[in-house]
1. So which pairs qualify, if the first residue must be in the range 68-79 and within 13 Å of Asn25 (Cβ to Cβ) and in the same structural domain as Glu40 (by TED's automatic domain parsing), the second must be of a type in the set (Asp, Glu) and part of a loop (DSSP other than H, G, I, E, B), the Cβ gap must be under 9 Å, and the two must be at least 6 apart or on different chains?
2. Which residue pairs have Cβ atoms under 6 Å apart, sit 6 or more places apart or on different chains, and have a first residue in the range 124-146 that is more than 14 Å from Asp222 (Cα to Cα) and in contact (Cβ under 8 Å) with a residue 12 or more places away in the chain and a second that is exposed (fewer than 11 other Cβ atoms within 10 Å of the Cβ) and of a type outside the set (Val, Ile, Thr)?
3. Strands (runs of 3 or more DSSP E) wholly in the range 219-300 with at least 1 residues that are surrounded by fewer than 22 Cβ atoms within 10 Å (Cβ to Cβ), small (Gly, Ala, Ser) and at pLDDT 85 or above - which ones?
4. Considering the range 276-302 alone, what residues qualify as being in contact with a Ser or Thr (Cβ under 7 Å, 6 or more places away or on another chain), among the small types (Gly, Ala, Ser) and within 25 Å of Val367 (Cα to Cα)?
5. Could you please find all residues in the range 145-165 being hydrophobic (A, V, I, L, M, F, W, C), surrounded by fewer than 18 Cβ atoms within 10 Å (Cβ to Cβ) and in a strand (DSSP E or B)?
6. Could you figure out which of (1) modelled with pLDDT of 85 or more; (2) touching an Asp or Glu at 6+ places or on another chain (Cβ under 8 Å) isn't true of Gln91?
7. Looking only at the range 145-186, how many residues end up being under 30 Å from Ser228 (Cα atoms) and of a type in the set (Gly, Ala, Ser)?
Amino acid sequence: MLTYFAVASVSSVQCSADSVAVTFNDSSVFEATEAAWSAEGTFVLITNHLGDCDVELERGMFLVNSLTWCNVSLVATAKSQVANISSVAAQTEITLGAIPSSSLAKRDIVIDPSYTLNTAIALPSETTLFSYSPYLTVSADAASFNSNVTFSGYLSYNWLTFKVEHLYFDVDAEFAADLTLSADITSAYNTTFSYSPSDLTYSLVSIPGILTLGPELTFAVDAEVSASEAVTITANAGIALADGNAHLDLLQESNTGTSGWTPTYTVSAEISGNATAEFNPTAALTVEISILFFGGLIDLSTGLTATPGFDNSFILTAAEGVDLSGVEDVTSSGTCAEGLELQSNFTFGIKAFATEWWSEEIYSVNVPLLDKCYSWE
């Protein structure tokens with residue numbers, strides 16, 4: 001068993017070549033520690049870089065052989081020997097949720113957290129998402145994101161061979177986004193941009209210098225914007241995913257797959273003048289499990305990015321608003337000589353990744369919404 005602790009009831013830790021002496025300032029904590037450590041048998045103490053236990057900015061590991069306790073001075077002395085991670089831990093197993101692990105040996109490190117994130121954020125009204133003066137300014141008149149994400153998974157790492165033996169995760173996600181975006185274009189121009197609020201990071205397990213484990217969520221607004229002349233374009237997009245599931249197996253890619261991810265959506269677009277234009281917004285959600293050993297020396301971070309969005313391409317000969325229910329004051333006649341042509345598609349993709357060494361699109365769909373020709377009555 002590997003034990004890490006950092007409590008206010010410890011006043012000092014002194015180390016030598018064959019012992020670690022821990023002085024407590026609280027008798028009740030001392031007594032609780034005596035009961036817990038005595039029941040462990042052989043275990044490992046990890047110290048920080050203060051005092052004489054290890055070098056600066058490093059962590060010390062001491063394999064404990066026996067313990068003595070002084071109830072007067074509140075000092076616990078562990079007869080021990082200096083060790084390293086590969087000599088005290090043959091295997092690291094991390095489980096999230098209800099996925100069972102195999103039988104473990106005494107030299108295994110076992111951590112068993114589980115976590116569900118329920119997050120909602122909204123951008124302030126009229127937030128500027130992208131600006132390239134004097135040609136283009138894109139603003140969010142409204143932008144909100146809501147998600148409920150549950151993680152489960154399993155990691156097995158062999159310290160003797162320095163090899164990942166198992167690494168897979170299940171992600172269950174609900175996601176909703178509502179966007180109202182405006183693009184003010186002063187002349188013919190086209191670009192693609194991405195805007196992301198701050199990442200939301202949560203720490204589940206932190207053993208300084210040894211292991212950091214925690215989920216991370218990133219919301220983003222991406223868009224493609226183009227116009228043949230000066231014009232203002234407004235796009236409204238609402239996306240809801242009620243039951244998205246993904247299984248990510250980084251060592252057995254054939255086991256990776258998805259289910260659910262059936263979206264509901266609304267979309268509308270308006271343009272202020274006669275122009276050929278495109279305004280294609282995407283609301284992206286990235287879910288990542290950050291797994292860092294030795295301060296990032298080994299990075300096994302894994303996750304997925306879901307990108308629901310809309311492609312809106314249209315040619316207008318007069319100001320007019322359009323949405324999924326049709327175009328007001330126009331009828332479909334099969335010609336566009338004096339009217340409007342609209343093509344609108346819903347696009348959705350899921351990309352799975354593992355740090356820098358694996359990335360793959362595991363799901364994609366493109367659903368035509370409108371491809372019609374209208375003329376004025």
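1. Leu74/Asp26
2. Asn146/Ala120
3. Details: elements: 231-249, 257-260, 263-271, 276-293.
Filter on the range 219-300 gives 231-249, 257-260, 276-293.
4. Passing the criteria: Ala277, Ala284.
5. Keep residues of the range 145-165 that are hydrophobic (A, V, I, L, M, F, W, C), which gives 145, 149, 151, 155, 159-160, 162, 164.
If we keep only those that are surrounded by fewer than 18 Cβ atoms within 10 Å (Cβ to Cβ) as well, we get 160, 162, 164.
Of everything in the range 145-165, just one residue is hydrophobic (A, V, I, L, M, F, W, C), surrounded by fewer than 18 Cβ atoms within 10 Å (Cβ to Cβ) and in a strand (DSSP E or B), namely Val164.
6. For Gln91, the failing item is (1).
7. Looking only at the range 145-186, we keep the residues that are under 30 Å from Ser228 (Cα atoms), and these are 177-186.
Within this subset, residues satisfying the condition of being of a type in the set (Gly, Ala, Ser) are 177, 182-183.
So the count comes out to 3.
The values are calculated or read from the model by the stated rules, or taken from the named source; none is laboratory data. Worth saying up front: this structure is predicted, and the values here are computed from it rather than measured. All Cβ positions, glycine included, derive from the backbone under ideal geometry; neighbour counts span all protein chains shown.
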